[in-house]
Amino acid sequence: MGLFKFILGLNEVLNEQEQANKEKELDEEMDLYNLDDYEREEVKKGNYEPYNFEDSDVPLDEDDYYYDDEK
């Protein structure tokens, strides 16, 4: 039973490290797009991707954050 608990504990540690790495990568990507705090919250909630807030001359898709503002 000790080995089983060790494996479960190791798996939990690896999952926590993986989650921390994903959060760090997401923060770095949001930094590249210079997102505001409210935009970062929307990305962290999973509602949008960091590039959905990008200012450009390209028409926005329906799932982009500022799509309704163009109407």
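Taken together, the residues in the stretch 1-47 that are touching a Phe, Trp or Tyr at 6+ places or on another chain (Cβ under 6 Å) and at positive phi amount to 0.
Taking residue 26 as the residue in question, decide whether it is part of a loop (DSSP other than H, G, I, E, B), in contact with a helix residue (DSSP H, G or I) (Cβ under 8 Å, 6 or more places away or on another chain) and surrounded by 11 or more Cβ atoms within 10 Å (Cβ to Cβ). Walk me through how you get there before you give the answer.
On the way: part of a loop (DSSP other than H, G, I, E, B): no; in contact with a helix residue (DSSP H, G or I) (Cβ under 8 Å, 6 or more places away or on another chain): yes; surrounded by 11 or more Cβ atoms within 10 Å (Cβ to Cβ): yes.
Here the answer is no, as residue 26 does not meet what is asked.
Output the residue which, of all residues in the stretch 38-71 that are hydroxyl-bearing (Ser, Thr, Tyr), closer than 25 Å to residue 22 by Cα and part of a helix (DSSP H, G or I), is modelled with the lowest pLDDT.
From the stretch 38-71, those hydroxyl-bearing (Ser, Thr, Tyr) are 38, 48, 51, 56, 65-67; that's our starting set.
Checking the rest, the ones that are also closer than 25 Å to residue 22 by Cα come to 38, 48, 51, 65.
Among the residues that remain, those that are also part of a helix (DSSP H, G or I) are: 38, 51.
On the way: 38: 91, 51: 85.
Filtering the stretch 38-71 for residues that are hydroxyl-bearing (Ser, Thr, Tyr), closer than 25 Å to residue 22 by Cα and part of a helix (DSSP H, G or I), the one modelled with the lowest pLDDT comes out as 51.
Every condition in (1) in a helix (DSSP H, G or I); (2) modelled with pLDDT of 90 or more; (3) not polar (S, T, N, Q) is met by residue 35 except one, and the failing one is (1).
The values are calculated or read from the model by the stated rules, or taken from the named source; none is laboratory data. Note that the structure is predicted; figures quoted are calculated from it, not measured. A quick note on method: Cβ atoms are made from the backbone with ideal geometry, for glycine too, and the neighbour counts reach across all protein chains shown.
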